[in-house]
Amino acid sequence: MTPILETHNLVRQFDDLVAVKNLNITVEAGTVFGLLGPNGAGKSTAIKMLTTLLPPTAGDAIIAGLSITRHAAQIRRLIGYVPQMLSADGTLTGYENLLIMAKLYDLPGQEREARVREALAFMGLDGAADQLVRTYSGGMIRRLEIAQSMLHRPAVLFLDEPTVGLDPIARRAVWEHVQQLGREFGTTIFLTTHMMEEADNLCDHIVIMHLGEEVASGTPESLKASIGGDEVTLDDVFIHYSGSSLESGGSYRDTARTRRTARRVG
Amino acid sequence: MTLQEQGVPHGELDSAALLRPIGIFSASLRFVQKTLVIAELEARKLRHDPTELLTRAVQPALWLLVFGQVFASIRAIPTGDLSYLDYMAPGILAQSVLFISIFSGITVIWERDLGIVHKLLVSPTPRTALVLGKALSAGVRALSQAIIVYILSALLGVNINWNPLALLGVLLAVILGSAIFSTFSMIIACLVKTRERFMGIGQLLTMPLFFASNAIYPITIMPEWLKVLALINPLSYLVNVLRTLMLGQPVTPLLLVNLVVLFAVTAVLIAIGARLYPRLAV
């Protein structure tokens, strides 16, 4: 196993709030990695640093041999990112959403069309390619966004709360497509979630964060074993490591955003 | 060919290639391409829903037809050897450019809430290209206004200069003007980050920018304090260029000075915008 992503004492501070404290995580190439934690645990801040949106206050992270502090511009060609919010442009068609992204990632003209068509087919969206995205269902928008983020075949794909607000059927479809990406393209998947079923289904390795710090790390099985008992679920693990309260933390803005995403989906 | 054969990412290999510096020529070419892609993105949105362009036509029509006709008939404003309607037409064009651009920054607040800003910033697109592309697309919207003002002016009998070079100059000036006001608007959006505050500030700025300029009356009749404001207002420089070219006034070195000012202001604002835009993702 070779690590494709490593963080070294990654820190991010906002005024007097330390959102991420000395984070040290390792992600093996070709695996699905889950960063878990309650609202306000620092997951989104961590993912923003790893995707070069936010410079770290201290520390560094290495993705495929490049440093997020020194090679941000180069790393952008190696990663894909699906933000938590529904970020496909509703005023364009699905095809146009993909086309613009393909152009921004410098895919050459003859290859562009093929990649876009392939991505539409892969995500089961070819029938809806020429409809405006505002007519899509939440699950379709999510799949379109994953397609957008995969056009340039990133080495690491970051998914921030990929199924927030989706109904169980749409959620399952997204999971299947994410797993298929890993199998077919060898993409390493880095996702954040606070949905334990999602983590248990998808992830090879899990790190649980609480109040900016790593509090547990391991495979879903080893984490369940670590707190003992036969009937232990990942929910119990989560509650064990992040304190009994699921609702502590999480700013007004986070909550508002999650609700807004949920509303657009529903 | 299976999907696998087409390109499984090989981290190490890709990384080494990415670190090799690319030449200044390919870098500039990429920059221009990216800028145009961002402008294309906006143009495609406009194509799906062009209603904005039609509703925007109402305001310049009202100014020219109502305000212009009334003030032309009472001859209250000294405009030298130009008729008031001639004097005013380029001013109304400048005003439409201002009005259509000054609220365009609100789109980046939308895009921030939707996560589109985040996605653009994670893509390998230079920040300056993102901002310049948006400025250019504001220019496209403003050109639609120019067409409307030209049609109305022609109908009202304004003495329009149809020299192709002058028309080209007007086109350039309109794009520069809308780049200035739309980027200014985007800078405000990056600073305030919420719709409510943005709209408040936008309302606060629009009318003073318009009235503290030579769009509908000459600077010479203004009180001293207003003259100072008019001189630091980029709109006045836009009006100067448009008035010279649209009406076929004699071209003096002053035209060049005005254009240089517009270019310089655009460059400074784009540079500031490119610094502030990434803050939207935080």
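The values are calculated or read from the model by the stated rules, or taken from the named source; none is laboratory data. These figures come from a predicted structure and were not determined experimentally. Don't worry about glycine lacking a Cβ; one is built from the backbone with ideal geometry, like all the others, and counts go over all protein chains shown. Calculation scope for accessible area: heavy atoms of the full protein, side chains included, ligands and nucleic acids excluded. Shrake-Rupley method; radii C 1.70, N 1.55, O 1.52, S 1.80 Å.
List of remarks:
- In region A:80-100, residue surrounded by the fewest Cβ atoms within 10 Å (Cβ to Cβ) [restricted to those that are more than 7 Å from every other protein chain (Cβ to nearest Cβ) and closer than 30 Å to B:L19 by Cβ]: A:L99
- With respect to the stated conditions, B:V268 is surrounded by fewer than 18 Cβ atoms within 10 Å (Cβ to Cβ), at pLDDT 95 or above, of a type in the set (V, I, T) and part of a helix (DSSP H, G or I).
- Residue match in region A:127-138 (condition: in contact (Cβ under 8 Å) with a residue 60 or more places away in the chain and touching a Lys or Arg at 6+ places or on another chain (Cβ under 9 Å)): yes
- Sole residue being over 30 Å from A:Q180 (Cα atoms) and open to solvent by less than 10 Å² (accessible area, probe 1.4 Å), chosen from A:V27, A:V20: A:V20
- Taken over region A:53-110, residues that are aromatic (F, W, Y) and either farther than 25 Å from A:G165 by Cα or out of contact with any strand residue (DSSP E or B) (no Cβ under 6 Å at 6 or more places or on another chain) (or both) amount to 2.
- Residue within region B:189-208 that is in contact (Cβ under 8 Å) with a residue 60 or more places away in the chain, aliphatic (A, V, I, L, M), in a helix (DSSP H, G or I) and open to solvent by less than 10 Å² (accessible area, probe 1.4 Å) present: yes
- Screening A:P56 against (1) farther than 28 Å from B:K34 by Cβ; (2) more than 11 Å from chain B (Cβ to nearest Cβ); (3) in contact (Cβ under 8 Å) with a residue 12 or more places away in the chain leaves a single unmet condition, (1).
- When A:S242, A:S226, A:S222, A:S251 are checked against the criterion of being open to solvent by less than 10 Å² (accessible area, probe 1.4 Å), modelled with pLDDT under 90 and of a type outside the set (A, V, I, L, M), a single residue qualifies: A:S242.
- Here is the figure for region A:144-180: residues that are under 23 Å from A:R76 (Cα atoms), open to solvent by less than 40 Å² (accessible area, probe 1.4 Å) and away from every other protein chain (no Cβ under 14 Å) total 1.
- Which listed residue is under 28 Å from B:G68 (Cα atoms) and in contact with a Leu (Cβ under 8 Å, 6 or more places away or on another chain), from B:V239, B:V228, B:V174: B:V174
Residue-by-condition table, conditions (1) in contact with a helix residue (DSSP H, G or I) (Cβ under 8 Å, 6 or more places away or on another chain); (2) in contact (Cβ under 8 Å) with a residue 60 or more places away in the chain; (3) open to solvent by less than 10 Å² (accessible area, probe 1.4 Å); (4) under 25 Å from B:R195 (Cα atoms):
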| position | (1), (2), (3), (4) |
| --- | --- |
| B:T79 | yes, yes, no, no |
| B:A94 | yes, yes, yes, no |
| B:V97 | yes, yes, yes, yes |
| B:G115 | no, no, yes, yes |
| B:S123 | yes, no, yes, no |
| B:A135 | yes, yes, yes, yes |
| B:V140 | yes, yes, no, yes |
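- Residue in region B:12-28 that is at pLDDT below 85, facing chain A (nearest Cβ under 10 Å) and in contact with a Pro (Cβ under 9 Å, 6 or more places away or on another chain) present: no
- Taking the numbered list (1) small (G, A, S); (2) in a helix (DSSP H, G or I); (3) touching a residue at least 60 places away in the same chain (Cβ under 8 Å) in turn, B:A215 passes all entries but (2).
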